[in-house]
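In what follows, a single structure is set out as structure tokens and then discussed.
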Amino acid sequence: MSVDWEGLNARLARSAALVGEPGGLDPDAAPDDPMELFAHWFSDALDAVPEARAATLSTTGAGGPTARVLILRSVGPEGFAFATDARSAKVADLASDPRAALSFWWQPLVRQVRVTGTARWLGAEESARDFAARGAASRAAARASRPGEPLGSVDELHAAFEAAALDDGPLDDWQAWLLEPSTIEFWQGSADRAHVRLRYRRDGEWWEHGLRWP
Ligand SMILES: Cc1cc2nc3c(=O)[nH]c(=O)nc-3n(C[C@H](O)[C@H](O)[C@H](O)COP(=O)(O)O)c2cc1C
């Protein structure tokens with residue numbers, strides 16, 4: 001398969017950036033609690049952005065930094081919940097270094113949210129609840145999966161899923177996690193590049209916040 005790198009990069013150069021409809025950010029009206037602002041932005045995103053709950057989780061482990069997309073399972077004053085398999089690389093990373101980052105890009109609103117914080121397992125009960133709330137296909141996939149192990153063929157994957165679908169029940173390897181934020185940055189992009197960055201940092205019980213140069 002030959003690749004026209006030059007042509008591809010010419011198309012890349014022509015493709016526009018920051019072409020959404022900015023949702024707006026008024027720093028003077030910013031609440032003291034960034035989770036309140038997140039709730040407003042997330043509500044806007046659910047209205048305007050396909051799959052707004054998809055976010056990129058970055059971790060650091062023995063192999064260095066790595067990032068992957070996952071689904072936000074819930075959000076509240078305590079932070080951001082996600083769920084995954086205990087045997088996955090991300091769980092190994094978090095076991096060795098619980099610090100993590102979560103980032104959202106909501107293109108139609110030209111908004112980015114960057115979170116850093118510490119992740120913790122939410123326990124067996126919450127994990128079981130999360131697993132039970134999933135659809136049948138998702139449960140079968142999780143039950144069949146051997147995260148990160150070499151796979152011989154896609155047929156093998158389908159066969160394992162079909163077998164797993166016959167045997168419904170809880171899965172001990174399923175884990176719910178919470179990222180407790182220590183910084184949250186709200187980035188409202190603008191076509192003229194006068195992007196507004198509003199950064200919150202936890203300070204004990206409270207949060208301090210201020211603008212940053214873009
Ligand atoms: C849109 C989307 C949603 C995903 N949701 C999840 C999820 O909720 N949990 C999860 O463990 N992996 C999810 N994945 C798969 C991860 O990106 C990743 O491939 C997998 O978890 C293995 O990552 P790891 O080896 O770094 O642990 C999702 C991928 C995409 C593209």
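The values are calculated or read from the model by the stated rules, or taken from the named source; none is laboratory data. Everything numeric here is computed off the predicted structure, so don't read it as measured data. Because the Cβ atoms are built from the backbone with ideal geometry, glycine has one as well, and the counts that use them run over all protein chains shown. Protein only, heavy atoms only, side chains kept; ligands, DNA and RNA dropped before computing areas. Shrake-Rupley method; radii C 1.70, N 1.55, O 1.52, S 1.80 Å.
For region 19-58, filtered to residues that are within 19 Å of Ala119 (Cα to Cα) and touching a residue at least 60 places away in the same chain (Cβ under 8 Å), the residue that is farthest from the ligand (Cβ to nearest atom) is Pro34. No other residue among Val69, Val113 is in contact with a strand residue (DSSP E or B) (Cβ under 8 Å, 6 or more places away or on another chain), open to solvent by 60 Å² or more (accessible area, probe 1.4 Å) and at pLDDT 95 or above apart from Val69.
Kindly indicate whether Ala176 is small (Gly, Ala, Ser) and open to solvent by 60 Å² or more (accessible area, probe 1.4 Å). No. If you go through region 42-70 and keep only what is within 27 Å of Leu94 (Cα to Cα) and touching a Phe, Trp or Tyr at 6+ places or on another chain (Cβ under 7 Å), you end up with Ala52, Ala55, Leu57, Leu70.
Select the strands (runs of 3 or more DSSP E) contained entirely in region 103-214, then report the ones holding at least 1 residues which are more than 21 Å from the chain's Cα centre (by Cα) and touching a residue at least 24 places away in the same chain (Cβ under 8 Å).
Numbers: elements: 111-121, 174-188, 196-203, 206-212.
Correct list: 196-203, 206-212.
Number of residues in region 89-104 that are open to solvent by 10 Å² or more (accessible area, probe 1.4 Å) and either modelled with pLDDT under 95 or within 10 Å of the ligand (Cβ to nearest atom) (or both): the value is 5.
Evaluation of Pro181 against the conditions (1) surrounded by 18 or more Cβ atoms within 10 Å (Cβ to Cβ); (2) at pLDDT 95 or above; (3) over 27 Å from Phe104 (Cα atoms) shows that the sole unmet condition is (3).
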